[in-house]
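The values are calculated or read from the model by the stated rules, or taken from the named source; none is laboratory data. It should be emphasised that the depicted structure is a prediction, and the values quoted were computed from it without experimental measurement. All Cβ positions, even for glycine, are placed from backbone atoms using ideal geometry, and neighbour counts span all protein chains on display. Just the protein is used for accessible areas: all its heavy atoms, side chains included, with ligands, DNA and RNA removed. Shrake-Rupley method; radii C 1.70, N 1.55, O 1.52, S 1.80 Å.
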Amino acid sequence: MAGAKQLFDRVRPRRTQLGLAIRVTVAATAAYALATALHLLLPLWAVLTSLIVTQMSVGRSLKATRDYMLGTIGGAIYGGAIAISLPYSSEAGLLGLLVLAVAPLALVAAIYPNLSTATVTAVIVLLVPTMHHADPLASAIDRVSEVSVGAITGLLVSFLVLPSRAVRQIRASAAKLLELIAEAFTELLAGLTRGRDNDALHRIQDGIGTAIVDMNAIGAEAERERSARLSSGPDTGPLLRTILRLRHDVVMIGRATVVPLPVEVQVRLAAPLAEVGAAIARFLKSAAEALREGAGAPPIHPVHLALQHYAEAVAAVRQDGLIRGHASDTAERFFALGFSLEQMHQNLCDLDRVVGEWSEAARDKSARVAE
C-alpha cells in the first residue's frame, strides 16, 4: 500500500504529460487500424497525422487539426492541379514542376506558418505517382484521405481518452507564474540593502518572461475551447492581464532596487519593507494555491496593512528630509519604488477579485457535478 501511494505521489504531478502519452499511443494505434481497414495506400500518413494533431489540450488539438487539414487540402489541390495541367515526360520536367510547386507554397508557409503542411503535401502529390505509377488526381485524393483519417482519429481521441482541458492547465500555469513573481519580488526587495547588477536582475526576470509566453499560449487554447463550447469557466482575459501587470510591477521594482537606498533611509524603512515583502509574497503564493485547488481567494487585508505602514514610514522619511542632499537618481529610485508598490497594490486587489471569480466557477462546477 505504501509503495502504491509513493508511486501515485510521483505520477500525480505528471498526470497531464502521462495523459498525453496515453492519448498519442491510442491515436496512433487507432489511426493505423482504421487506415488499414479502409485499404489506404499509405497508412503511415494517417499515423503521423494522428500524432501531430493529438496535443496537450483539446484546444490545441483543435487548432492543430484545423491548420493541418487546411494545409493538406490546399497543397493537394495545388499540387494536383499543377501535375494534371502540366504533364511531364522526363526527369527535367518533373524537376521543373517541383520548383513550381515548392517555391510559391514555401513563400506562403513563410508568411503563414500554420499552412506549412501545404508544401509537403504538394511534393507528395507530385512524387508519389512516380513511385506507384498512379495518376496525380488519385495521389491527391489518397493524401487527403490519409490525413483526414489521422486528423479525425487524433481529434476524437483528444475528446474521448483522458481529455485535458486548457482551462484546467491555465490554472496550473497561472499559479506557477504567481509563485515565480513572489520569489522575484522577495529577491528584488533585498536589493534595497545590498544592490544588484543588471545581469542578476535579468536572470530573475527571464524565468517569468518564459512562463508568461507559455501562459498566454494556454490562454488562447482555453478561449478556443470556450468558443467551441467544449469547456466552461471564467474568461481568461482578466486573469492573464492582471498577472501581466504584476509582472510589469516587478520589472519596475527591479529597476528601482538596482542600487541600495542610503543607509539612513534603509534603517527607517527596513521594518516596513520587510513587512511589505512578507505580506505580498505570502498573498501571491496563497493566490497561486487557491487557483491550483479552486479554493477561495486568500485574505488581502495583511497587504493593505503592510503597505499602509510603509506609506507612513515613507512620509516620515520625507518629512525629516532624509532624501534631500542625495543625488537626483537616488530620489528618483526612492519615489519610483513607492509608485511601483502602489501600482502593485491596485493589481493585487484585481488579482484578489479574479481569483475569487475562478474559485466561484470551480465551486459552481462541483455543485453541478454533485447534482
Which residue fluctuates the most in the chain, going by a Gaussian network model with Cα springs under 10 Å, if the choices are Ala288, Ala76, Ala331? Ala331
Just how large is the dipole of the chain about the Cα centre, in debye to the nearest 20, putting +1 at every Lys and Arg Cβ and -1 at every Asp and Glu Cβ? 700 debye
Calculated FRET efficiency, Leu38 and Ile84, Cβ-Cβ r, R0 25 Å, to nearest 0.05? 0.55
Roughly what angle does helix 198-227 make with the longest principal axis of the chain, taking Cα atoms, 0 to 90 degrees, to the nearest 10? 50 degrees
Taking only the Cα positions of the range 59-152, the convex hull volume per residue in Å³ is 75 Å³
Length gained, Phe335-Val123, 0.36 nm per residue minus C-alpha separation, equals 70.1 nm
Counting each pair of different Cα atoms once, what's the Kirkwood radius of the chain in Å, rounded to one decimal? 24.6 Å
Take peptides 239-252, 99-112 and line them up by average Cβ neighbours within 10 Å, highest first, as a rough protection proxy. 239-252, 99-112
Extended-chain gain in nm, criterion 0.36 nm per residue less alpha-carbon gap, Val263 and Glu183: 26.3 nm
Could you give the nm distance between label points at Glu91 and His248, where each point is 7 Å from its Cα heading toward the beta carbon? 6.1 nm
Give the distance, in whole Å, between the Cα centre of the range 85-124 and the Cα centre of the range 286-304. 55 Å
Taking the 0 to 90 degree range and rounding to the nearest ten, how far is the long axis of helix 15-37 tilted relative to the main principal axis of the chain, both from C-alpha atoms? 10 degrees
Probe 1.4 Å, heavy atoms of protein chains only: per residue, the accessible area of the range 64-134 in Å² is 53 Å²
Only Lys, Arg, Asp and Glu count, each charged at its Cβ (+1, +1, -1, -1), so figure out the dipole size of the range 91-174 about its Cα centre, rounded to 20 debye. 660 debye
Förster radius 25 Å - calculated FRET efficiency between Asp135 and Leu51, Cβ distance, rounded to 0.05: 0.30
Percent accessible area from carbon and sulfur atoms, the range 26-86, protein chains only, probe 1.4 Å: 78 percent
Quick one: Kirkwood hydrodynamic radius for the range 115-182, alpha-carbon pairs, angstrom, one decimal? 15.4 Å
D (Stokes-Einstein, µm²/s), Kirkwood Cα radius, the range 69-222, 0.692 mPa s at 37 °C: 167 µm²/s
Please report, largest first and rounded to whole Å, the three semi-axes of the ellipsoid equivalent to the range 232-320, where each semi-axis is the square root of five times an eigenvalue of the C-alpha gyration tensor. 31, 15, 11
For the chain, what is the calculated [θ] at 222 nm in deg cm²/dmol (nearest 500), taking -39500 (n - 2.57) for each run of four or more DSSP H residues and dividing by its residue count? -28500 deg cm²/dmol
Expressed as an acute angle from 0 to 90° and rounded to the nearest 10, what is the orientation of the C-alpha long axis of helix 136-160 relative to the principal long axis of the chain? 40 degrees
